[in-house]
Amino acid sequence: MSFTNLVYKQTRFGSQNRSFSSEWYKQYTWLEYSIKSNAAFCYVCGMFADELIDEVWTNKGFSNWQKLNEKLKKHAKTKRHLVCLSKMNGYLACKKSGSVMVKQCSGYKEQVAKNRAYICMLIDIILFLGKQGNFKELCGLLSNYQPDFKNKFDETTNYTSWSIQDQLIKLCAEDIRETIVKEIDKIDFFALMCDEARCYREEHLSICVRYTIDLDVYERFLCFVDVSKRQTSNHIVTALFECFEKQKLTMSKIKIIAQSYDGASVMSGHLRGVQSRIKEHYPYAVYTHCMAHRLNLVVVDTCKTIKSVKHVFNVLEAIYV
């Protein structure tokens, strides 16, 4: 828009009439004129000043046209005006290229969206764990995210009955055991590890094997054996070999080269213990007292002797619980 043809209201000063001129815009780009007030204002100070201290240029306006040139030069050099001018230049630059704050807001919104999605997942997991029948609850949970799975799950025949669940678990267990047996068959030897555990009037023996493949050590759980009726060394050894036979381990070919149990006499006895019975079949099966059990015995004896150690474990247990 051209301001050269505008006619400004004149004011009499002495014997002369004076008025604002559009020529001032060329020299002072921040200058603005109010037709209503017939006065000049500083645009940058009015928009960007923290406080409207200089009311002449921000509120009342300057209208003494015969002194306008002098006052404009003076105002252009004031600290307050230069600060406001710098703020305006920064604002214009940000508007052109996009401010850091805008860019940060974009990244912030994206992060908020990710956080909300994560929290929603956590809430779904909490609700799932808080209900009975976790298997079907988890199926329902996955249905929210997998449409194809939901379509099958909503059908009458969806293979989620307790009997199907048991069958699937057994199939997975058989597949894992077959993999372990195949690995042992390839290397022809392994170490045997056993431990007893009581569970509501029942005594179970957990059987694990330890072996290496390409210098990598593997420890695998094989099975549980019920030894509730008798816990003699003969009965335990018989149960062990029955387990091996059931798992289709060819014990005539495979050698036991090491064995590890707790320190109970029925397991560790060198005359009639399980370790001696195993050595009758595998003479090179070196027995090692289980390190975890030995460490437990050390801790128990230490707590009996040093009370401060006992208190430490009491505190740790209280924190854990």
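The values are calculated or read from the model by the stated rules, or taken from the named source; none is laboratory data. Bear in mind that the values here come from a model prediction, so they are computed numbers and not experimental data. Heads up, the Cβs are rebuilt from the backbone with ideal geometry, glycines too, and the neighbour counts pull from every protein chain shown.
Taken over segment 286-306, residues that are more than 16 Å from Tyr261 (Cα to Cα) and within 40 Å of the chain's Cα centre (by Cα) amount to 5.
I'm checking my understanding of the structure. Among residues of segment 243-268 that are assigned to a loop (DSSP other than H, G, I, E, B) and surrounded by 15 or more Cβ atoms within 10 Å (Cβ to Cβ), which one is farthest from the chain's Cα centre (by Cα)? Across segment 243-268, the extreme among qualifying residues is Ile254. Select from segment 55-97 the residues that are surrounded by fewer than 18 Cβ atoms within 10 Å (Cβ to Cβ) and touching a Lys or Arg at 6+ places or on another chain (Cβ under 7 Å) and list them in ascending order. Passing the criteria: only Gln66. Report, ordered by the first and then the second residue, all pairs with beta carbons closer than 6 Å, sequence separation of six or more or different chains, a first member in segment 239-255 that is in contact (Cβ under 8 Å) with a residue 12 or more places away in the chain, and a second member that is among the hydrophobic types (A, V, I, L, M, F, W, C) and in a loop (DSSP other than H, G, I, E, B). That search, which allows pairs on different chains as well, returns Ala239/Val227.
Being free of Cβ contacts under 8 Å to residues at least 40 places away in the same chain and in contact with a Cys (Cβ under 8 Å, 6 or more places away or on another chain): is that true of Leu205 here? So Leu205 passes the test. Cβ-Cβ distances below 9 Å connect the following pairs, each with a first residue in segment 56-83 that is within 16 Å of Glu23 (Cβ to Cβ) and free of Cβ contacts under 8 Å to residues at least 60 places away in the same chain, a second residue that is of a type in the set (Phe, Trp, Tyr) and part of a helix (DSSP H, G or I), and a separation of six or more residues or different chains: Leu68/Trp24; Asn69/Trp24; Lys71/Trp57; Leu72/Trp24. Residues that are surrounded by 11 or more Cβ atoms within 10 Å (Cβ to Cβ) and not hydrophobic (A, V, I, L, M, F, W, C) within segment 155-173 comprise Asn158, Tyr159, Thr160, Ser161, Gln165, Gln167, listed in sequence order. Of everything in segment 206-226 that is β-branched (Val, Ile, Thr) and buried (at least 18 other Cβ atoms within 10 Å of the Cβ), the residue that is nearest to Phe189 (Cα to Cα) is Val209. If we scan segment 267-274, do we find a residue that is free of Cβ contacts under 8 Å to residues at least 24 places away in the same chain, of a type in the set (A, V, I, L, M) and within 27 Å of Asp226 (Cβ to Cβ)? Looking for residues that are free of Cβ contacts under 8 Å to residues at least 24 places away in the same chain, of a type in the set (A, V, I, L, M) and within 27 Å of Asp226 (Cβ to Cβ), one finds at least one in segment 267-274, hence yes.
On the stretch given as segment 1-50, residues that are assigned to a loop (DSSP other than H, G, I, E, B), closer than 25 Å to Lys87 by Cα and not polar (S, T, N, Q) total 4. Return the only residue of Glu183, Glu196 being more than 18 Å from Ile254 (Cα to Cα) and surrounded by 13 or more Cβ atoms within 10 Å (Cβ to Cβ). Residue meeting the stated conditions: Glu196. The set of residues in segment 42-58 that are at pLDDT 85 or above and farther than 21 Å from Gly90 by Cα contains only Trp57.
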